[in-house]
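Participant: For reference, the structure I am asking about is given below.
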Amino acid sequence: MKKILYNICFFLALLVLITGCKKDSFTPATGEKPEERMNEALAEYKDALISHEYGWKAYLYADGGVGAGFYMQFADDDRVKMLADLTEESLEDFHESGYRIKAVMAPSLIFDTDNYIHLLANPDNSEFGGQPGVGYGSDFEFEFRGNSNDTLQLLGKKRKSKFLLVKATKEEQTAYLDGTFKKNVYAMEDYVSENTFLYITPDGDEKVQVSINPNMRETSLTWVESGSVKTVKQPYAYSVNGVHIKDTLAYKDTYIQEIIWKDGFKAVAFDGTEYELFISPTPILPLHLLMGVGYSAIVVPVNLGEGVSSSFAAMHSTLKTVLNTGTYFLLGDISFNFNTINQRMTIRAVMPQTVGGSNFVHTFNFSYEKNESGQYTFTYIGNADYGNYTEARFKPLFDKLTSSSYELEYFTTSSGLLLGKFINTSDSEFYFSGRLQ
């Protein structure tokens, strides 16, 4: 592969020389012609792809932020077989399609017939999600950009998607083809669903929260530094070995480049150090540090559930009654939204005028201060949107919120659902909970 890079560099340098000279004064250099150099480079790329007998692990990171993992085997007849971590079918159906190695301004790998890669670029988002017209903003034509060790590095020609091809070992090939790949992907997703609070301790006792989110295909590190919450995030793709991260996750001087799986997770740093992902039964960081950072709001449902005091339930019931008298609004969910930059809390109350009717959102704004122990003091600023119609009905709640400080805590329901809870520090009989958003 070193020869491939040499040929490309020579070709590009020669193009610069050609474009910088007049046509009638240019004298071709002795030796191979540029097209011969290019053809040689194309032949060597194809030989590299088809000669590795155990196939390739592949990782594609689309412009839309989604990562996808593949296993590919390239054949001499311009056919490629692949698995992918995108659907149940793609995890087990070894799909065959066409490919080409061509010179399109640069040596390029083109997947020219429909395969799993095209799912991420499907403009019809009703079929596989993403955005209308672009899907997940992915490519299926790539330029070769270099190689290091056993990895070919490519870049999408249109949307600049990052695409890596990594030589698979014999053991990895077997695991992809015998169903272990599918088994491991499902096992990893079940594991993070059942064990929400994972962490590593690269600095001894300090816990760094590790999040692996299958819905977003995103992994992150979160920790507290100098009293502030720090978070770094990266898209990921699955391999038969675990979670491949697009770029390293940096925590101080620790750089996590991969999370490996074997009935549990270990984070692997750039220097090869492995850190076990421990399981915590409770959240790693206090809720007040994550509001406005990891979570944006606490949403109290119209049908109150667990974690609500009788005094709040009575106030909520009265609010529903008075809203439907005179103004004729029906009370829906009430969300308490936090903005840490401006130190604002905004109450957004959803209120249709008829069952199933249009939802009017009435907005009420508060500023807040928070002390070092995490206690909030709220000050009412005023209403917005349709809030002036119903402000008087909400006044008892506003008076309660502004008359004392509040703490935010986690609350776990009897079914195991994690909620956020407001607690009045001077009236222990006034508290309410809602889902974390």
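Participant: Give, rounded to the nearest 20 debye, the magnitude of the charge dipole that the chain has about its Cα centre when Lys and Arg contribute +1 at Cβ and Asp and Glu contribute -1 at Cβ. Provide the component values of the computation, followed by the final result.
Facilitator: On the way: 39 positive and 55 negative charges, 254 e Å.
That gives a dipole near 1220 debye.
Participant: Pick out which of V322, V185, V300 has the largest mean-square fluctuation in a Gaussian network model of the chain, springs linking Cα atoms closer than 10 Å.
Facilitator: Maximum fluctuation in the GNM of the chain, among the listed residues, is at V322.
Participant: Where is the GNM fluctuation largest for the chain (alpha-carbon springs, 10 angstrom cutoff): L49, L83, L319?
Facilitator: Highest fluctuation of the listed residues: L319.
Participant: Within segment 287-323, find all residues whose amide N lies under 19 Å from a label point positioned 7 Å from the Cα of T363 along Cα-to-beta-carbon.
Facilitator: Within reach of a label on T363, which here means backbone N under 19 Å from a point 7 Å along Cα→Cβ, segment 287-323 contributes 292-293, 296-300.
Participant: Between S367, T87, Q234, whose Cα lies farthest towards the positive end of the dipole of the chain when Lys and Arg beta carbons carry +1 and Asp and Glu beta carbons carry -1, centred on the Cα centre?
Facilitator: S367
Participant: For the charge dipole of segment 72-190, defined by +1 on Lys and Arg C-beta atoms and -1 on Asp and Glu C-beta atoms about the Cα centroid, which residue among Y99, G130, G156 has the Cα displaced farthest towards the positive pole?
Facilitator: Farthest along the dipole direction, towards plus: G156.
Participant: Would you be so kind as to identify all helices of the chain, as entire DSSP H runs, whose Cα atoms reach 24 Å or more along the helix's own axis and whose mean Kyte-Doolittle hydropathy is at least -1.0? Each step should come with its number before you reach the end.
Facilitator: Values: long enough: 2-19 (26 Å, 1.85); 34-51 (25 Å, -0.76).
For the chain, where a helix must reach 24 Å along its axis and average at least -1.0, the hits are 2-19, 34-51.
Participant: In debye, nearest 20: dipole of segment 294-436 around its Cα centre with unit charges on the Cβ of K, R (+) and D, E (-)?
Facilitator: Numbers: 9 positive and 11 negative charges, 65 e Å.
The calculation lands at about 320 debye.
Participant: Go ahead and estimate [θ] at 222 nm for the chain from helices alone: -39,500 (n - 2.57) per DSSP H run with n ≥ 4, summed, over the residue count, rounded to 500.
Facilitator: On the way: 8 runs with 97 residues, N = 437.
About -7000 deg cm²/dmol.
Participant: Something else now. To the nearest 0.05, how large is the calculated FRET efficiency for M315 and M216 if R₀ is 35 Å and r is the Cβ-Cβ distance?
Facilitator: On the way: r = 36 Å, r/R0 = 1.04.
Rounded to the nearest 0.05, the efficiency is 0.45.
Participant: Order the peptides 350-357, 108-115, 286-293 from the highest to the lowest mean number of other Cβ atoms within 10 Å of their residues.
Facilitator: Working: 350-357: 12.6, 108-115: 17.5, 286-293: 20.0.
Per-residue mean Cβ counts within 10 Å order the peptides as 286-293, 108-115, 350-357.
Participant: In Å and whole numbers, how far do the C-alpha atoms of segment 294-436 stretch along each principal axis, longest first?
Facilitator: Over segment 294-436, Cα extents along the principal axes are 42, 36, 28 Å.
Participant: Tell me which label goes with the value of log10 I(q)/I(0) by the Debye sum over Cα atoms at q = 0.09, 0.11, 0.12, 0.14 Å⁻¹ computed from the coordinates here: (1) -0.68, -0.85, -0.93, -1.11; (2) -0.59, -0.89, -1.05, -1.37; (3) -0.75, -0.96, -1.05, -1.23.
Facilitator: Only one listed value fits the structure, namely (3).
Participant: Same structure again: So if I place +1 on the C-beta of Lys and Arg and -1 on the C-beta of Asp and Glu, and nothing else carries charge, what would the dipole magnitude of segment 213-282 be about its Cα centre? I want it in debye, nearest 20. Before the final figure, lay out each step's value.
Facilitator: Working: 7 positive and 9 negative charges, 46 e Å.
Dipole magnitude for segment 213-282 comes out near 220 debye.
Participant: Which peptide among 269-280, 90-101 comes first, and what is the full order, when sorted by highest mean count of other Cβ atoms within 10 Å?
Facilitator: Numbers: 269-280: 13.8, 90-101: 16.2.
Averaged packing, sorted descending, gives the order 90-101, 269-280.
Participant: Shifting gears a bit: Sorting check: for 358-370, 52-64, which peptide has the highest mean count of neighbouring beta carbons within 10 Å, and how do the rest follow? Write out the running numbers ahead of the final one.
Facilitator: Numbers: 358-370: 16.7, 52-64: 21.5.
Highest mean packing first, the order is 52-64, 358-370.
Participant: Related question: Rounded to the nearest 0.05, what FRET efficiency is calculated for R145 and T231 with R0 set to 22 Å and r the Cβ-Cβ distance?
Facilitator: Numbers: r = 30 Å, r/R0 = 1.35.
It comes out at approximately 0.15.
Taken together, the values in this text are just the output of simple stated rules run on the coordinates, not laboratory data. Bear in mind the structure is a predicted one, so any value in this text is a computation, not a measurement. Positions of Cβ are backbone-derived with ideal geometry, glycine not excepted, and every protein chain shown enters the neighbour counts.
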